[in-house]
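First up is the structure itself, then whatever we jot down about it.
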Amino acid sequence: MQDKEKLNLNRLEANSKRKNIIYRWILYFILGIFVFYYLTPLYVMIVTSFKTMPEIRQGNLFSLPESIKFDAWKQAWDGAGFTGGDVVLKPYFWNSIKLVVPAVIISTLLGAINGYALTKWRFKGDSYIFLLFLFGTFIPYQAILLPMARTLGVLGMSNSISGLILVHVIYGICFTTLFCRNYYVSISDEMVRAARIDGAGFFKIFFKIILPISIPILVVTVIWQFTQVWNDFLFGATFSFGEAAPIQVALNNLVLTSTAVKRYNVDMAAAIITGVPTLIVYILAGNYFIKGLTAGSVKG
Amino acid sequence: MKMKKLIVALIALALTPSVSFAAPKAEVLHWWTGGGEAKALKVLQDEFAAQNGVWLDMPVSGGGGDAAMQTLKARIVANDAPAAAQIKGPTIQEYDEEGVVAPYNIDAVAKKEGWDNLLSKQVASHMKCDDGKAYCAAPVNIHRIDWIWANKKVLDSNGIKMPSTWAEFNAAADKLQANGIIPLAHGSQPWQDATVFEAVALGVGGNDFYRKAFVDLDAATLGGSTMTKVFDQMRKLKGYTDAGSPGRDWNVATGMVMEGKAAFQIMGDWAKGEFAANNMAPGKDYICAPTPSNNGYLYNVDSFIFYKVEGNDKVEGQKLLASLMMGKNFQKVFNIYKGSIPARLDVSMDEFDMCAKKSNADLKTAGSKGGLLPSFAHGMALRLAQKGAIQDVVTEHFNSNMSSSDAAKKLAAAVKASL
Amino acid sequence: MFWLKKNLPKLVLVPSLGILSWFVYGFIFWTIYISFTKSKMLPRYEIWGIDQYIRLWNMPRWHVAVENLLIFTVLFIILCIAIGILLSILLDQKIRAEGFLRTIYLYPMALSFIVTGTAWKWVLNPTLGIEKFVNDMGFETFKFDWLVTPEMSIYTIVIAGVWQSSGFIMAIFLAGLRSVDDEIIKAAKIDGAGIFSIYSKIILPMMRPVFMSAIVILVHLSIKSYDLIIALTSGGPGISSDMPAVFMTAMAFHRSEVGLASASAIMMFLTVSAIVVPYLYSELKRENAR
């Protein structure tokens, strides 16, 4: 009797182990297919950036380059071998950094405070106030260019990094508040209530209790804001000019020449260079995805 | 005594306006950010700097000026217009109507240098505001739109001459297709479709037809039977393009001709740059010829408009810039780099290539025979609202099964609605 | 002092709301105003009437744009959320190389679409990309020419758009999943629930706020879609893949029709609000009922 039970148990175990292995294989297979989907354009871009123009014109899209030369990359970054007047990326890179860092910090902080205020300190009408924030995400940016230009002109910020920072903070607040508020809403109120009874004030609770457990959502918010601000072309092109322009405007100028000869290899190299800081942010931020909430915090 | 002199000197110094000592300054908005165009513009920048000018570059490329238009309008609305911007055609007069160009700072320069004598009447009229009374823009070149480019080897090995009528073109194309060569390399983006369309309209309908339809916007002509014939020819041309043409960039199409995959491309003279970059020579490796027409010539004049600005240094900058733009040296060097021909009439053509020389000669012939016409697809003949409306219909017809007579009717209706 | 303390939460919101009231709502009213004027190249301020709206609805190109917006937005939202959830759940299974995979799925958002658009354009082009590749491999009858077919061009925009944004949706769902307390899952497992039902019955319902964020973002991205379309199809073939943001920009800045563009912006705004606001409102009410 015992042997038969043991046999059944072994068989069950073996079955479930097999099931697990099959599940695992299916898992990796699906993930693998998606990797293919996501990587194909990048593959094309990288491969093109190492080819020479004659190679590109005659060759197959997916073929490997004949040799790995970084000429196109050097030309994109600081113009080694360029013809006079071409655009290069280096100076505009720092403009974007000067723009992104303040814009992301300010909008993320404001978003967190707003989200916190709207969820842990309920008052009458707070849902409607939240709706007001949400509405702001549906504005098509093209529609606000002209009135924004007029306003910035009146404020004397018509052509400056600070004007751009202001614009990005304004339209970022709607999103950062959305993310943080929706995150905080699912966090239990117990801790905050307990702290309030103990006499802690609004900001004390924010810095000592809320912020430490906000890491995942702050990461998401920073990823979103960094991407939006770094990748923005519309505001950068409209509200800044010439030497003070951010990197996407420079990339645009480099890539979209109207009636001049196109250099696809330099274009691809330039696009990848432009995307590197954002990628770095993703990789660094990714580490914080592994940490969930710390053990012991209570969830609703 | 000394003290008194000192005080007088100090007062005199304090009263002297300091503005007249400032260097001429110019903020220039443009989208020539690569290749031959950027090189050409740099010539101007260098000349400006040589005269102590401070050039503030404002490049915004994309879509042949589309992105730049956003920046420009935002700046104007913010009351902070740049000194000069790359604007051409009737848009110049449109800005004038909005009141942001007067008081026409460069008119004094134009009068002094006698621009009326240096430019053809047609070009000059495009550059003037205030009902043609004052110069408000400076021309830098003349582009010709209605060219056919052909791969010489392909033509020779298939026994084809450059067509001089559209019927010959169709016959040649049929022969090429039978031999497995793509007759017409084309990238079907709206502006490219419009470019081909206007060349066809010029050839199939004739010079007067073109003028009545696209300059005078005569409704009967727009919706009439000749226009239907134009659309018929467009439908035929569609059959001579390949399946990959929608969305293709113009220079990729040129590449097809360069490699011998296709025989012809209908495109403006900037296509020359691609051939040159690929070390191909006109007459030897490729042939340039006007599209079949009766001494027609579709021109596009790139120019810079000079807005109303505040500050002596900015006004001086505008004047200096305008003068340099019309300078003989600049007109020559700029156009050699850019692939177009000078707007100024008295520049020697010796250093230009054979296609440019032909363009210049044709310009004079067409001018005398009434065939010198402004390109509407490239913003010279019409305001942008009408040009856009026509372009929408043309590209829709080219990319669908719309009948030619329907297209003509739609064309007339669209233009009417946009006025 | 007590008043300050009591109202601090509300006061903290004031700067943001102040900014919003001018830069968001003020500008919306400005746009509404301009849509009633005859503004051509630059804004003009004399009221004209509702003619811009009449002209707008008489333009075939606008009808195409609106239809495309609806098709695109619906597919975009469904696919991004489906793929996002799928990938986030898969990645949540303690995979090796999770960080690596996560970065791969996320990176498309990092790259400017002006250039990735060119890469996609080549890949989807029948004579250059996938169709040619598969044909060369021997499958001569394989066709994939959506890019150049007027009726299908909008779907290529969906493919590229989903590619660009689904990684981020995955990221926000992953953050949400990670914030679920392990205790709950352990308890469910002890009760004998299988992994599938743990996810569908317990975890996903807890993700309602994440769904809200995802939908809001995706609607926003869909409305904003400009680079995507210009880079991939230029609105073509013809006008078949036009969308409101493209239409609006073209009208306002390239056709000197600022009044018309404003009318289109308002129409778009109203359409979107009419659909999304009820959803948001019901979500918020449901939260309050907790």
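Quick check, is B:PHE304 of a type in the set (Phe, Trp, Tyr), in a helix (DSSP H, G or I) and in contact with a helix residue (DSSP H, G or I) (Cβ under 8 Å, 6 or more places away or on another chain)? Against the criterion (of a type in the set (Phe, Trp, Tyr), in a helix (DSSP H, G or I) and in contact with a helix residue (DSSP H, G or I) (Cβ under 8 Å, 6 or more places away or on another chain)), B:PHE304 does not qualify. Scanning region B:229-255 for residues that are of a type in the set (A, V, I, L, M, F, W, C) and more than 8 Å from chain C (Cβ to nearest Cβ) yields B:VAL230, B:PHE231, B:MET234, B:LEU237, B:TRP250, B:VAL252, B:ALA253. The listed residues are C:VAL276, C:VAL258, C:VAL219, C:VAL210, and the only one of them that is buried (at least 22 other Cβ atoms within 10 Å of the Cβ) and more than 30 Å from B:HIS397 (Cβ to Cβ) turns out to be C:VAL210.
Comparison of A:PHE203, A:PHE138, A:PHE130 shows that the only residue that is over 20 Å from the mean Cα position of the chain (by Cα), buried (at least 20 other Cβ atoms within 10 Å of the Cβ), away from chain B (no Cβ under 14 Å) and without any contact (Cβ under 8 Å) to a residue 60 or more places away in the chain is A:PHE130. Determine if region B:313-331 includes at least one residue that is surrounded by 17 or more Cβ atoms within 10 Å (Cβ to Cβ), free of Cβ contacts under 8 Å to residues at least 40 places away in the same chain and within 27 Å of B:SER125 (Cβ to Cβ). Looking for residues that are surrounded by 17 or more Cβ atoms within 10 Å (Cβ to Cβ), free of Cβ contacts under 8 Å to residues at least 40 places away in the same chain and within 27 Å of B:SER125 (Cβ to Cβ), one finds none in region B:313-331, hence no.
Kindly establish whether A:ILE247 is more than 14 Å from chain B (Cβ to nearest Cβ) and either at pLDDT below 85 or touching a helix residue (DSSP H, G or I) at 6+ places or on another chain (Cβ under 6 Å) (or both).
In short, no.
Of all residue pairs spaced 6 or more apart or on separate chains, those with beta-carbon atoms under 8 Å, a first member in region C:174-202 that is modelled with pLDDT under 80 and a second member that is of a type in the set (A, V, I, L, M, F, W, C) and part of a loop (DSSP other than H, G, I, E, B) are C:ARG178/A:LEU293; C:SER179/A:LEU293; C:ASP181/A:LEU293; C:ASP181/A:VAL298; C:ASP182/A:ALA295; C:LYS201/C:ALA193; C:ILE202/C:ALA193. Determine whether region B:58-71 contains at least one residue that is touching a helix residue (DSSP H, G or I) at 6+ places or on another chain (Cβ under 8 Å), facing chain A (nearest Cβ under 9 Å), in a helix (DSSP H, G or I) and touching a residue at least 40 places away in the same chain (Cβ under 8 Å). Yes; the residues of region B:58-71 include at least one that is touching a helix residue (DSSP H, G or I) at 6+ places or on another chain (Cβ under 8 Å), facing chain A (nearest Cβ under 9 Å), in a helix (DSSP H, G or I) and touching a residue at least 40 places away in the same chain (Cβ under 8 Å).
Within region B:404-412, does at least one residue satisfy the condition of being under 24 Å from C:ILE54 (Cβ atoms), facing chain C (nearest Cβ under 9 Å), part of a helix (DSSP H, G or I) and at pLDDT below 90? No, the conditions are met nowhere in region B:404-412. Which ones in region A:124-161 are more than 24 Å from C:ILE34 (Cα to Cα) and outside any helix (DSSP H, G or I)? Those that are more than 24 Å from C:ILE34 (Cα to Cα) and outside any helix (DSSP H, G or I): A:LYS124, A:GLY125, A:ASN159, A:SER160. Quick check on region B:143-166: of everything there that is surrounded by fewer than 24 Cβ atoms within 10 Å (Cβ to Cβ) and either among the β-branched types (Val, Ile, Thr) or free of Cβ contacts under 8 Å to residues at least 24 places away in the same chain (or both), which residue is farthest from B:ASP285 (Cα to Cα)? The residue in question is B:THR165.
Within the option set B:LYS409, B:LYS369, B:LYS364, B:LYS416, being of a type in the set (D, E, K, R), touching a residue at least 40 places away in the same chain (Cβ under 8 Å) and closer than 18 Å to B:LEU298 by Cβ holds for one residue only, B:LYS369. The criterion of being more than 7 Å from every other protein chain (Cβ to nearest Cβ) and part of a helix (DSSP H, G or I) does not hold for C:LEU147. If you take the residues in region B:262-281 that are under 22 Å from the mean Cα position of the chain (by Cα) and in a strand (DSSP E or B), which one is surrounded by the most Cβ atoms within 10 Å (Cβ to Cβ)? Out of the qualifying residues, it is B:PHE264. Of all residues in region B:379-419, those satisfying the criterion of being charged (D, E, K, R) and farther than 22 Å from C:SER234 by Cβ are B:ASP406, B:LYS409, B:LYS416. On the stretch given as region C:213-227, residues that are at the interface with another protein chain (Cβ under 7 Å from one of its Cβ atoms) and closer than 18 Å to A:ILE223 by Cα total 3.
From C:PHE133, C:PHE142, which residue is within 14 Å of chain B (Cβ to nearest Cβ), of a type in the set (Phe, Trp, Tyr), more than 23 Å from the chain's Cα centre (by Cα) and not in a helix (DSSP H, G or I)? The conditions single out C:PHE142. One residue alone among A:THR227, A:THR221, A:THR274, A:THR238 is polar (S, T, N, Q), at negative phi and surrounded by fewer than 24 Cβ atoms within 10 Å (Cβ to Cβ), and that residue is A:THR227.
Within region C:186-202, being within 11 Å of chain A (Cβ to nearest Cβ) and either under 23 Å from A:TYR183 (Cα atoms) or surrounded by 11 or more Cβ atoms within 10 Å (Cβ to Cβ) (or both) holds for one residue alone: C:ILE195. Of the residues making up region C:228-259, those that are more than 9 Å from chain B (Cβ to nearest Cβ) and assigned to a helix (DSSP H, G or I) number 9.
The values are calculated or read from the model by the stated rules, or taken from the named source; none is laboratory data. All values reported here derive from a predicted model rather than from experimental measurement. Cβ sites come from the backbone with ideal geometry, for glycine too, and all protein chains shown count toward neighbours.
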